[in-house]
Structures are given as structure tokens and as C-alpha cells.
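All remarks here apply to the structure that follows.
Quick note: the coordinates plus some simple rules give every number you see, no bench work behind them. The structure presented is a predicted model; accordingly, all values stated were derived computationally and were not measured. Note: ideal-geometry Cβ built from the backbone for every residue, glycine included; neighbour counts use all protein chains shown.
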Amino acid sequence: MTCHSFHRPVSIGLVLTLIVALMTFVVRSASAQQPGADSVVRLTLGQAVRLASRQNAAVEEAYARVDAAKARVTQRRADLLPTVTGDLLERGSTTNSATFPIEFPSTPGQPALFDPRGSILGPVNVLDVRARVSQMLYDPAARTRVQTARTGVAAANADAASVADLAAGAAAHAYLAVLRADAVYTARMADSTLASELLGIAQDQLKAGTGIVLDVTRARSQLTGARTQLIVARNERDRTRVDLARTMGLPLVRLELGDALATLPVAPATTEAAALDAASRNRKDIQALELQAQAARQQADAIRAERLPSIGVFADEGITQRNGRSYLPTHDWGIQLSLPIFDGYRRAGRVAEQVSTARDLAIRVRDLHAQVDADVRTATLNLRSSAEVVEAARERQSLAEQEVAQARERFQAGVSGNADVITASLTLNTARTQLVDALTSYQTSRVALARAQGAIALLD
């Protein structure tokens, strides 16, 4: 007894320890699946694009519509499959004999079979158990409706892919906004460092008696302005990361970018004709509209097919009895031919509606083709010009850096005041910003060209 009482609390403690360990494992597993606010996520441009194309809210909604389209195929296909039902009926009824439309003659001298004033007959209690099967043998309208529903699934898939491309494009632009904010922040850090160094030089010269107070005041003003711009740049850097996480459908995590604006790959060389050909083959929004137009035409054909005869078979088998008597098997079967004759022109109106819908979609397809051609040509032109602007901006920044170095040497030598250095540093500030803008414009044009060609998911 002592041994049992000694081991019992130990076993309970062991069980509690195992339960706690299991709960900890589950919590950690859930945390690993969904990054928390303190998680660090490192992304490249290609990873951000593909992540947004999978888990953006609009993309998930589009794929939910694909599932609904697939369910409609199942519904339409049911018209071509057999229908089986089972019935169990227990019925009790009474009848007023005076309601019979036939008079039953009676034997002379005998009372009438039924009271002429009416009498209650029954009750008659009947049990009927029956199985029914029906199958459509020929129904061209139903077959066309199944084809229409399948085309609708293809259209929904193309539309979901188009929505994914839009989400990927938005993520790419948000990613470039973060890269630009990082580059601007780095440039403002360099401006602030330069302003701090110039202030130190002015203060040293003032102590040595070779400088003036005005130079120190100018340097302090320059440093204050650089710090103000640094604060704005830091806020923009943090804000754009929030926008990027939201675009990709991520919680508010800490994002680390695996790319830099100056190190992103350049766009591969492509001709305008090749870009237009790729766009005509890859654009999912064009494919979605074309499939929707095809579905509208198929729906019109299905409505026209409703004018044709349909043939079906039916059969039922069961047992029936009057309560208290024997069961007897009964059946019913037949072949049915249905031929629509006149429906008040309802079908003609439905056909006209679908034809108009198909024509509207065809117009939209034609207009979208023209828009895609314009987008490809515009993106190609922008890409070429922005590449040239990048080279010019790099040259200007190099010259501005030389100007700052030369003015700084003159200032340190005491040949001139720091006004020239401050002016040169402002020029360098502008040159750095222009280079960042030029690089951003180039990568934006690269993303626009990929989007116009329907190849946004292939970005690196």
C-alpha cells in the first residue's frame, strides 16, 4: 500500500509535465506557421511578387470564385445523371358516398348500395413503399449547359490568375518604394555625416583663429537641415515597409529586403515585337474576357437547344397494401418525349440577352488588346529612356562629389569660407536624390514591362 501511494503522485506529475510539453510544442508550431509581429522576414523582389500572388486577399477571393464555378459544373452535370428517390407513404382517407358521379343501381326490392343522402366510407389506411428512377436519354440543352459551366471554370481560373498578376504588380511597386526609401535614407545619412564633418572643421578653424563665427553658424544650419531630412527619410522607410507587408497579406512583421536599388538586375534585352507577342500569349485578363465571351455564346446555344425535343425514361417499383391485408408489388415505367411548342418568346429574349453579353465582352477584349499594345510600347520606351537617365544621374552625382571634395579642400586650406562647401553639398544632396529617382524609375519601367507582357511572376 505504501508503494502504491508513493508512485501515484509521481505518475500524475509526469502526466502533467507531458501535457505542458505538448501544449508548448503546439503553441510553438503555430507560431512558426504564422510569423508574429517580432518576426523578421527577408525577401527579394521575386519572392515578394510570388508571395503576393498567392496570399493576397483579392487572390484568395478569386480562387474562392473558381471553387464556386466548379460547383456549378457539378450542378449542371446532374441533369445528365440518373435521379433515384425513395418514398414511404402511410395514408388514411374517408369518402362521402354522395360525391360519386356514378349511380349504382340496386336490385328491386333491395336497399340502395349507398345511402342517397351520402354516407362516410372508410377510413381506408394504405401503406405504400416505392423507389423511383428517372434518366434523361437525350437532352442537347443540358449537355451544352455542362460545356458552358466548364468554360466558366476556365474563365474563373484565368480571372484568378489575372488578379494574382495585379497583386504581384502592386507588391513589386511597394517593394520598389521600400528600396527607394532605403536609398533616400542612406543618402540623407551621408548628407548628415558630411554636414557634421563640416561643422567640426568650422569649429576647429574658429578655435585656431583662422575661421569666423559665420562659418560655424552656416554649418550648424546645414546640419540641422540634414537631420530634418533624415527624420523624414526614416519615417518613409518604416511606412513603406508597412505598406509592403499589407500588400503581400503578411502581418506587421519586420521586413528585411534582400535587394538594393542599385544592385537589382537590369531588364533583359527585348524588342517591341517580341514583347507584344509575349503579351498576346500570356495576359490572363485577355484570356479571362475571351473565355467569358465564349461562355456567353455557349449559353445562347444551350437556350436555343431547349427548342429541341428531349427523351427520358422513368420507372418505379414498390409494394402497397391496405392495412391488415397482404402486400402486393406494383410498378410503373415509361418513355417520355418532351417537345417545347410555345413559351411566350421567353427563350428568344434569353438568347438575345446572351448574344448581347457576348458582343459586349468581345468589344472589351478588342479594347483590352489595344490597351495592352499601348502598355507594352509605353513600358518599352520608358525602359530605354530611364536607362539613359540613370547614366546621366550617375555622372552628375560623380561631378557633385568632386565639387564637394574640391570646395572642402579650399575650406580646410583657409582659401575660402564654407559657403562654397555648403552650396556644393546641397548640389550633391540633389544629385543623390535624382540618382535614386532615376534608378527607381528604371526598375518601375522594368516591372511595368513585365506586367504588360503577363510575366510579372518571373521577376527576379
### Task
Mind pulling the angle between the C-alpha long axis of helix 346-413 and the longest principal axis of the chain? Nearest 10 degrees, somewhere in 0 to 90.
20
### Task
Report, by chain and number, residues whose modeled amide H sits under 5 Å from the one on Thr44, excluding near sequence neighbours (fewer than 5 apart, same chain).
Gly258
### Where only alpha carbons of segment 268-400 are counted, the Rg and the Dmax (Å)
31.9, 113
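Using Cβ contacts closer than 10 Å as the measure, can you line up Lys70, Lys284 from fewest to most? Don't jump to the answer; show the numbers that get you there.
Details: Lys70 15, Lys284 18.
Ascending number of Cβ neighbours within 10 Å: Lys70, Lys284.
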### Summary
Summed over the other residues with a beta carbon less than 14 angstrom from that of Ala315, with K and R at +1 and D and E at -1, the charge totals -2
### Query
What per residue convex hull volume, in Å³, comes out for segment 44-117 when only alpha-carbon positions are used?
241
### Query
Once you put a point 7 Å from the Cα of Gln406 and another 7 Å from the Cα of Ala273, both along the Cβ direction, what distance in nm separates them?
4.9
### Message
More than 39 angstrom separation, counting every C-alpha pair in the chain; what % is that?
### Response
60
### Task
For a footprinting-style exposure proxy, rank Thr224, Thr107 by other Cβ within 10 Å, fewest first.
Thr107, Thr224
### Query
Between Leu121 and residues 5 or more places away or on another chain, which pairs have amide H atoms under 5 Å apart, with H built 1.01 Å from N, and which residues are they?
Thr95, Asn96, Ser97
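To the nearest 500 deg cm²/dmol, what mean residue ellipticity at 222 nm is calculated for the chain from DSSP H runs of n ≥ 4 alone, each contributing -39,500 (n - 2.57), summed and divided by the residues? Numbers along the way, then the final one.
Values: 9 runs with 303 residues, N = 460.
Helix contribution divided over all residues of the chain: -24000 deg cm²/dmol.
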### Cα Rg, Dmax, segment 311-460, angstrom units
39.6, 129
### Sorted by Cβ neighbour density within 10 Å, fewest at the top, the residues Val216, Val376
Val216, Val376
### Task
Please express the Cα-Cα pair-distance distribution P(r) of segment 212-300 as a list of whole percents, one per 10 Å bin, running from 0 to the bin with the greatest distance.
12, 17, 20, 23, 14, 8, 4, 2, 1
### Message
With unit charges on the beta carbons (Lys and Arg positive, Asp and Glu negative) and the dipole taken about the Cα centre of segment 322-395, which residue among Leu339, Leu361, Tyr327 sits farthest to the positive side?
### Response
Tyr327
